[in-house]
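Okay, so here's the structure we're looking at.
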Number of protein chains: 2
Amino acid sequence: MSELAQGIDEMAVDAWVVALDVGGSGSRLVAEFGNSTHPERISLSGRAVKVSHHGSDAPAVVASLCQSFNAWAARMGHDGMSDGSTAPVASAAVGITGLTSLVEKPTDVHDILARELRTNRTAVAGDALTAHLGALAGRAGAVLSVGTGAVAFGFDGVSRWRRADGWGHLLGDLGAGVWVGGEALRAAGRYHDGASRGASKRLLEAAVAKFGLIESWPNQFYKNAERARQLASMAPEVMIAAAEGDPTSIRILEEAGRHLADTLSSALGRGIPPLASTTGRLVQEESPLTVSLTKHLSEDRPDVSLVPSAGSPLDGALKLAQRLRETPQSVAGFRPWLTVRVDGHHTLHEAAEDMGAAETLTAELSATELPGDELQ
Amino acid sequence: MSELAQGIDEMAVDAWVVALDVGGSGSRLVAEFGNSTHPERISLSGRAVKVSHHGSDAPAVVASLCQSFNAWAARMGHDGMSDGSTAPVASAAVGITGLTSLVEKPTDVHDILARELRTNRTAVAGDALTAHLGALAGRAGAVLSVGTGAVAFGFDGVSRWRRADGWGHLLGDLGAGVWVGGEALRAAGRYHDGASRGASKRLLEAAVAKFGLIESWPNQFYKNAERARQLASMAPEVMIAAAEGDPTSIRILEEAGRHLADTLSSALGRGIPPLASTTGRLVQEESPLTVSLTKHLSEDRPDVSLVPSAGSPLDGALKLAQRLRETPQSVAGFRPWLTVRVDGHHTLHEAAEDMGAAETLTAELSATELPGDELQ
């Protein structure tokens, strides 16, 4: 056993594993302490990322959550170190929405994690990866994430990934919150205009209650930098209207389910085992959308097992942090969707060689362009 | 006959009538001199408006075209005034894309027209009105304008207007260039993702030839302030692909035609005579879109006569300028879609009273919110 590996094993009992999920509707941190059979666990909530023309402020959200964690740990007496500081953090992983098209430099996030948590093993991943690790608990297969946007990732368990959709609201996100909300507002506009087709009085009323007079909508939406999220905020109204029997809403959700089934089928291409799960608010509850998605998937791909999600993207981030602590070489297959930094006792290159993963654990693995929810 | 009316009649023989069309793909000025049976006519071209977060720079485009006109008139010897200046301008009218949601102050445009052309009769209209006046030559009925966006206006010939669509690319513009281009790019993305439904290899190839590798599209589109226009720039490729037999492109154009027929039908509501025309590049040529539009309109509204367009929005602006010169009270019915200024020999209120149109020819008629092509 190398010096590094020994060092890690010694830490294992008395160190934290920290995971963060930084998203468009909020952010969370979870930390586990002690051995994995009876871990002590703490959860903290933080604010949502803000997206401006300069990109997302995810690094600031990460810093703020880490500082909250440190404050909590100090207050709760987890300051067992001889120098009076808090107990060490063995590893930390963060899943960030829209990485890396929105977060300009993942390096910044590594720096923040290293500085705030004083750990030498960090992973910065797109939330598509953490969603996959959470929903299928690390197994191979495909996971469909439906929020403001929609994206599905298939993983063969080794190194092959297939992505479907995730192109943002202008180029894709078919069946996602932004698509459902947009269809609803267009049906509302049709009713207002007096059209006989594709029009819904029920949705116009719901939208006016939510956004005010229709004449004000263009200014509201086209001047809003977060227009995709604003469109998606209409989706829950469509769920309600569908539950109340509005035929246009039911049709919109049925079509959304068909689109989402197409997206999931695409991610379940050659080499990906026929196991699938979905994650996200819109596909959680029983609704015409879920019914349609399940129906179309079973028609198109009767071989696929659609299983309930085993956990959230935050659970996935925690799984990633645990792997990074225990078997860092096992994250090699996730390479396209994250950057990993391991620069502890050794220089990075030596450390990587020690662990037999020199090729994958380079200082900053270049992350593939990954359009996410927040693209406007 | 009042003093004002006399003054106008005296000018009629030796004065210009000037019209401008200021649009998203270019701008034009046309001026007629002399009597209406054998007018001298000049045409000038200018640049397209640019739309930024501060609105459109239409006033600058108007100023530039007017200055070009003055330079031309001076050079060609139309300087018949005793003070050595060019011949007078009796009236000027401009149709502007997206007025008034994008042009913050139509007053500025009136000021520019008055200053540059030294005229006391100016009209600043949305291009929907000038398109209507051009296509139906001033008759009552409905006109559908299809460009980047789509909007239809029905007019009863007196004062009642019905608008349909024109909600911009997020909330409407169904069947318009931005809708066709968006559908095409989504079909391209579907093919790239390996989807079996709604996917087109032909459109992916065309789009990659136009925009580069698909991985670069999110950055190109979501960071582009003129993303609607960029999406619409894909529409001609869909026309080409459809002509070559691409089934997805044919389906997209057929659906677009159905949407546009719905929009036109909505504008042909109660009180609007069943006469219709269309204007815009996308509906000019014979294509699956035009075929579908005509078919669906004749199915839904067999009573409607769909007639060829009598003229362009620029022709409509010229018609507006002529009316403003000869019978300014006749533009009263256009009130929702333009602002008019008449402040010549008399103060405005007196002038208006003289012409028996005190109610309509107020200094600045408030223009109704009119979302146009350029809304992002």
Checklist entry - Label points 7 Å out from Cα along the Cβ direction at A:Q329 and A:S298: separation in nm? => result 4.3 nm
Checklist outcome for this item: Over all viewing directions the Cα convex hull of the range B:144-306 casts an average projected area in nm² of 9.8 nm²
Checklist entry - Between the range A:176-197 and the range A:249-290, how many Å separate their Cα centres? => result 22 Å
Checklist outcome for this item: Length-normalised contact order of the range B:144-306, Cα under 8 Å, at least 6 apart, in percent, tallies to 29 percent
Checklist outcome for this item: For B:K223, the lysines lying under 25 Å Cα to Cα, once residues fewer than eight places off in the same chain are dropped, come out as A:K50, A:K105, A:K223, B:K50, B:K210
Checklist entry - If you take the beta carbon distance between B:R160 and B:S25 as r and set R0 to 25 Å, what does 1/(1 + (r/R0)^6) give as a FRET efficiency, to the nearest 0.05? => result 0.20
Next on the checklist: Relative contact order of the range B:145-206, please, whole-number percent, based on alpha carbon pairs below 8 angstrom and at least 6 residues apart.
Outcome noted: 24 percent
Checklist entry - If R0 is 22 Å, what FRET efficiency do you get for A:A225 and B:Q220 from their C-beta distance, rounded to 0.05? => result 0.80
Checklist entry - Taking the label point as lying 7 angstrom from Cα along the Cα-to-Cβ axis, what are the distances from B:A60 to the corresponding position in the remaining copies, in ascending order and in nanometres? => result 3.1
Next on the checklist: Rounded to the nearest 10 Å², what accessible area does A:T294 have for a 1.4 Å probe in the complete protein model?
Outcome noted: 60 Å²
Checklist entry - Which whole number gives the average count of other chain Cβ atoms within 10 Å of the Cβ atoms across peptide B:206-215? => result 1
Checklist entry - Spin-label point model (7 Å from Cα, Cβ direction): what's the A:K201 to B:D111 distance in nm? => result 4.8 nm
Checklist outcome for this item: Distances in nm between the label point of A:P247 (7 Å along Cα→Cβ) and its equivalents in the other copies, shortest first, are 2.9
Checklist outcome for this item: Taking r as the C-beta separation of A:V291 and A:S233 and R0 as 22 Å, the FRET efficiency to the nearest 0.05 is 0.45
Checklist entry - If you count the DSSP beta bridges with both ends in the range A:145-306, what percent of them are antiparallel, to the nearest 5? => result 70 percent
Checklist outcome for this item: Distances in nm between the label point of B:T107 (7 Å along Cα→Cβ) and its equivalents in the other copies, shortest first, are 5.2
Checklist entry - Given a 1.4 Å probe and no ligands, DNA or RNA in the count, how much accessible surface is buried by B and A, both sides, to the nearest 100 Å²? => result 3800 Å²
Checklist entry - Roughly how much of A:K223 is accessible, in Å² to the nearest 10, using a 1.4 Å probe? => result 130 Å²
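The values are calculated or read from the model by the stated rules, or taken from the named source; none is laboratory data. From a predicted model like this one, the values you see are computed outputs, not experimental measurements. Positions of Cβ are backbone-derived with ideal geometry, glycine not excepted, and every protein chain shown enters the neighbour counts. All accessible areas refer to the heavy atoms of the entire protein, side chains included, with ligands and DNA or RNA removed. Shrake-Rupley method; radii C 1.70, N 1.55, O 1.52, S 1.80 Å.
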